[in-house]
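Here is the structure we will look at.
The values are calculated or read from the model by the stated rules, or taken from the named source; none is laboratory data. Keep in mind the model is a prediction, meaning the values are calculated, not measured. Note that we place each Cβ from the backbone using ideal geometry, even for glycine, and neighbour counts take in every protein chain shown. Note: areas computed on protein heavy atoms with side chains; ligands, DNA, RNA excluded. Shrake-Rupley method; radii C 1.70, N 1.55, O 1.52, S 1.80 Å.
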Amino acid sequence: MSEIGSVPFSPAEIAAEGIKPEEYQEIVNRLGRHPNKAELGMFGVMWSEHCCYKNSRPLLSQFPTTGDRVLVGPGENAGVVDLGNGLRLAFKIESHNHPSAIEPFQGAATGVGGILRDIFTMGARPIAILNSLRFGNLTDARTKRIFQGVVEGISHYGNCIGVPTVAGEIYFDRAYGGNPLVNAMALGLMETEEIVKSGASGIGNPVLYVGSTTGRDGMGGASFASAELTDDSMDDRPAVQVGDPFLEKSLVEACLEAFKTGAVVAAQDMGAAGLTCSTSEMADKGGVGIELDLDLIPARETGMTPYEYLLSESQERMLFVATKGREQELIEIFHRWGLQAVVAGSVIEEPVVRILHRGEVAAEVTATALADDTPIYHRELLTESPAYAKEAARWTADCLPGCDYQGIDVRGTYQTWNEILLQLLDTPTIASKQWVYRQYDHQVQNNTILLPGGADAAVIRVRPIDAKPEDCTVGVAATTDCNSRYVYLDPYEGAKAAVAEAARNLSCVGAEPLAVTDNLNFGSPEKPVGYWQLANACKGIADACREMSTPVTGGNVSLYNETLDSQGNPQPIYPTPVIGMVGLIPDISKICGQSWVNLGDLIYLLGNSQPTLSASEYLATVHGIVAGVPPTVDLELEKKVQAACRHGIRQGWIQSAHDLAEGGLAVALAEACIGNSLGADIDVPVSDTQRLDELLFGEATSQIVVSVASKAADAWEAYLQDNLSRCWSKIGTVNAPQSSLNILTNDNLTLINVKISDMTVAWNQAIESRL
């Protein structure tokens, strides 16, 4: 060992690994010597934000993580919740942002592959994929290329491996022009008796390498994911992994079969930081060491160095600890599925990761120094809002021109409310995403109950592999949500609103919200504004999750989402804490979608929070302004509104439910008309104190539009009177097929009268027409 690391590195070589000078000194202190090249690389990836959360860990500690249904919380490959009747659901969200900016197809595809591995590593069979995507403006040629590549990558991997992509969200905004966001979420149904954990144990137990071979692709991807994107980032294509969904399909089956033998002590997938991460995390969690011989690792390229083996992020690979004496049994399973499987090392008592290569020790580092006892930065929080937020908060609706019953003057041109509604429906963020989801196989496995575009959340039948569909009545609902413009203007309230909206979307299909997995996409935490956004958003998530009884079971942090322009100025994205949430549906016959169902059904608005134009899609799209104080969520009202919606669905009273989001009341009503081509006659109360554009397009939290069968109206209204007094109103009726959306004032003046056919064309063709 005396030979290891006798030569120091240049500052440039240290910086190239993503290590700061003071962190390098800390490495020397821990080792009692200089590291060698391989060890420096190991520290570089393991001490990156992507792996060790050195800027965010203190903030994440405030999240509620326990609950009656939580079986596995943060710290494992995925969270697991109890659905009752022996059914357990694993779920997790992960980001693949930087790889997707450089190589959209492979970046997105391997993001899907990686999140699926997190699920089946727990012993769960993947049953659904969701995603949350952000792109720049669709008029930009580069954005079009990235958008099309990402969608193709997601569909390629999901379709080939045979897991349905059932839901998601997509926003388009200039803020993401240089740095798109690709967050993938997956759900799985536990298939093994015991939940498979990642902590190694049993001194002398063999360590198995299984799956694909190791090559030079994805080198240092974790460090790459923890740095800003620059004009030179295109040279980092080797840091983008290459996926093989057909091989991973075999890996799913082989792993689940292997876990059922009881011979697997622990398992860890090789994602970010590859062999370095899997060995150090398994050793650290088990309080033991791992010795690994690189000469035994199946390689797809010749002449690889220890540094390359340890930092490769080749896909579809796993590390197992097996029960001694049963390794051959496991190896035979993987060989039968056409996969690599070798004993490559063993569990040792000394708590180190010891890497052997060509008969010598190539690296030796204590496991905890890599995996747990990493640098933590407690940054100073701004005591007041930064200048941009203060400036934005000064905006009020009084800054806009006045409006009348017909419309408003927009930058010198008079626009009617009809024209503005059609313009909003034609906005890619609001418009139908059918161009996207028609490329996904969303019905493979035959358990998708509510299809994409038909409801506020996806609904999946929970069907164990050996059960008949007709015997399975329990469902899960899932959604991903975040209005990042709200978070940008007020990180605390915006993050709270994201949690509330996710729960509301689940309630709109009749599901009881259970738990959260979050993906925190932010700019640099080293800048005071970036850290202020991150810290306040984390507090908002924590407070809302506590209040909504939806604990956080895990997630992902993606920082440094910034693009350095040619002058070297960083352009951060909007802070985007995506909330992935799952909910329980006790009876899948009692659910509903977002579209009107029957002529003559009565339409109600649940919730009475005041709509505002601040931070709205209307303000940004129509007037070109991003400003104001976003709507704040009253969590007590939110819970009551959601409970009423769920109860109405389960009683069979509610025929459709759709929450008010971007575009406000008018857009929510239009979307409810479009699905089944049924019109609506709506009466809205107007007052001298409220602007008409605020009434039509203002945004609010805690509001849901529902339609109710007329024969159930008395029972429904009696329930509302008892449980939601003065926080609801009857606003109209569903009218004839192929008719129009009519919004009238209470003194019978027409605000909006638009044919369903016109709304449908605008809404359906918005994305396709821009490509």
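The phi torsions of region 506-523, fed into the Karplus equation with coefficients 6.51, -1.76 and 1.60 and a -60° offset, translate into couplings of 5, 5, 5, 9, x, 9, 8, x, 10, 7, 10, 10, 10, 10, 8, 9, 9, x Hz, rounded to whole numbers, with Gly and Pro shown as x. For the residue pairs Lys260/Lys285; Lys92/Lys755; Lys20/Lys539; Lys285/Lys539; Lys539/Lys639, the alpha carbons lie more than 30 Å apart in Lys92/Lys755. Apply the a/c threshold of 1.5 to the C-alpha gyration tensor of region 627-679 and tell me whether it is rounded, prolate or oblate. Cα axes put region 627-679 in the oblate bin. Label-to-label distance, Arg30 versus His335, with points set 7 angstrom from Cα along the beta-carbon direction: 3.9 nm. Relative to the longest principal axis of the Cα atoms of the chain, helix 274-286 runs at roughly 90 degrees.
Ordered by solvent-accessible area of protein heavy atoms (1.4 Å probe), largest first, the residues Glu512, Glu349, Glu193, Glu281 come out as Glu193, Glu349, Glu512, Glu281. Compared with the direct C-alpha span, the chain from Ser566 to Glu380 gains 64.0 nm at full extension, assuming 0.36 nm per residue.
Using the rule -39500 (n - 2.57) for each DSSP H run of four or more residues, divided by the residues of the chain, the 222 nm mean residue ellipticity is -10000 deg cm²/dmol.
Find which of Ala477, Gly648, Ser132 sits farthest along the positive direction of the dipole of the chain, computed with +1 on the beta-carbon of Lys and Arg, -1 on that of Asp and Glu, about the Cα centre. Of the listed residues, the answer is Gly648. Using the Karplus relation 6.51 cos²θ - 1.76 cosθ + 1.60 with θ = phi - 60°, the per-residue 3J(HN,Hα) values for region 662-669 come to 4, x, x, 4, 4, 5, 4, 5 Hz, with x marking Gly and Pro.
Between the residues Phe172, Ala369, Phe120, the greatest Cα displacement towards the positive end of the dipole of the chain, with unit charges on the Cβ of Lys, Arg, Asp and Glu, is found for Phe120. For Arg317, the residues 5 or more places off, or on other chains, whose built amide H falls under 5 Å of its own are Ser212, Met270.
Taking the DSSP bridge list for the chain and keeping only pairs wholly inside it, about 80 percent are antiparallel.
Using a ≥ b ≥ c from the Cα gyration tensor of region 369-438 (square roots of the eigenvalues), is it rounded, prolate or oblate, where a/c under 1.5 gives rounded and otherwise the larger of a/b and b/c decides, a/b for prolate? Oblate is the answer for region 369-438, as a/c is 1.5 or above yet b/c matches or exceeds a/b. The spacing between region 289-326 and region 25-85, judged by their C-alpha centroids, is 21 Å. Among beta bridges from DSSP that stay inside region 35-127, the antiparallel ones total about 90%. Peptide packing: for 576-586, 669-679, the average count of neighbouring Cβ atoms within 10 Å per residue gives the ranking 576-586, 669-679, highest mean first. Accessible surface for region 1-111, divided over its residues, is 38 Å² per residue with a 1.4 Å probe. Backbone phi angles across region 53-60, fed through the Karplus curve with coefficients 6.51, -1.76 and 1.60 (θ = phi - 60°), yield HN-Hα couplings of 6, 5, 9, 10, 4, x, 7, 5 Hz in residue order; Gly and Pro are listed as x.
What net charge do the residues around Leu422 carry, taking every other residue with its C-beta under 12 Å from that of Leu422, with Lys and Arg at +1 and Asp and Glu at -1? Don't jump to the answer; show the numbers that get you there.
Numbers: positive: Lys755; negative: Glu419, Asp426, Asp758.
Residues near Leu422 contribute -2 overall.
When the square roots of the Cα gyration tensor eigenvalues are ordered a ≥ b ≥ c, the ratio a/c for region 302-359 is 1.5 or more and a/b does not exceed b/c, which makes its shape oblate. On the beta carbon distance between Asn748 and Ile465, with R0 = 56 Å, the FRET formula returns roughly 0.40.
Please tell me the relative contact order of region 258-409 in percent, rounded to the nearest whole number, where contacts are Cα pairs under 8 Å and at least six residues apart.
Numbers: 190 pairs, mean separation 45.0, N = 152.
Here the relative contact order equals 30 percent.
Multiplying the residue separation of Thr302 and Gln328 by 0.36 nm and subtracting their alpha-carbon distance yields 6.7 nm.
So for each of 428-438, 711-721 I average, over its residues, the number of other beta carbons within 10 Å; can you give me the resulting order with the highest mean first? Kindly include the intermediate steps, with their values, before the conclusion.
Working: 428-438: 20.0, 711-721: 14.6.
Taking the mean over residues of other Cβ atoms within 10 Å, the ranking is 428-438, 711-721.
For region 693-771, the share of accessible area belonging to carbon and sulfur comes to 46 percent (1.4 Å probe, ligands and nucleic acids excluded).
Solvent-accessible surface of region 397-490, averaged per residue with a 1.4 angstrom probe and all protein chains in place: 42 square angstrom. The DSSP beta bridges internal to region 242-384 are antiparallel in roughly 80% of cases.
Surface composition of region 513-570: carbon plus sulfur atoms contribute 49% of the solvent-accessible area (1.4 Å probe, protein chains only, all chains present).
Which one of Gln610, Thr550, Tyr574 is farthest out on the positive end of the charge dipole of region 522-670, using unit charges on Cβ (Lys, Arg +1; Asp, Glu -1) and the Cα centre as origin? So the residue furthest toward the plus end is Thr550.
Taking every alpha-carbon pair under 8 Å whose residues sit at least 6 apart, region 598-756 reaches a relative contact order of 39 percent. Take region 632-771 with all the other protein chains still there, run a 1.4 Å probe, and you get 39 Å² of accessible area per residue. Count Lys and Arg as plus one, Asp and Glu as minus one, and take only other residues whose Cβ is under 11 Å from that of Asp758; the net charge is then -1.
Inter-label distance, Ser725 to Arg174: 5.0 nm, where each label sits 7 Å from its Cα along the C-beta direction. Over all other residues within a Cβ to Cβ distance under 11 Å of Leu356, the charged ones net out to -3, with Lys and Arg as +1 and Asp and Glu as -1. Each Lys and Arg contributes +1 and each Asp and Glu -1, all at the Cβ; summed about the Cα centre of the chain, the dipole is approximately 900 debye.
Near Gly168, the amide H atoms lying under 5 Å from its own belong to Asn131, Thr480; only residues 5 or more places off or on other chains count, and H is placed 1.01 Å from N. Which value, in Å² rounded to 10, gives the accessible area of Ser589 with a 1.4 Å probe and all protein chains present? Using a 1.4 Å probe on the heavy atoms, I get roughly 90 Å². Close amide H partners of Gly475, meaning residues 5 or more places away or on another chain with modelled amide H under 5 Å apart, are Val462, Ile585, Asp587, Ile588.
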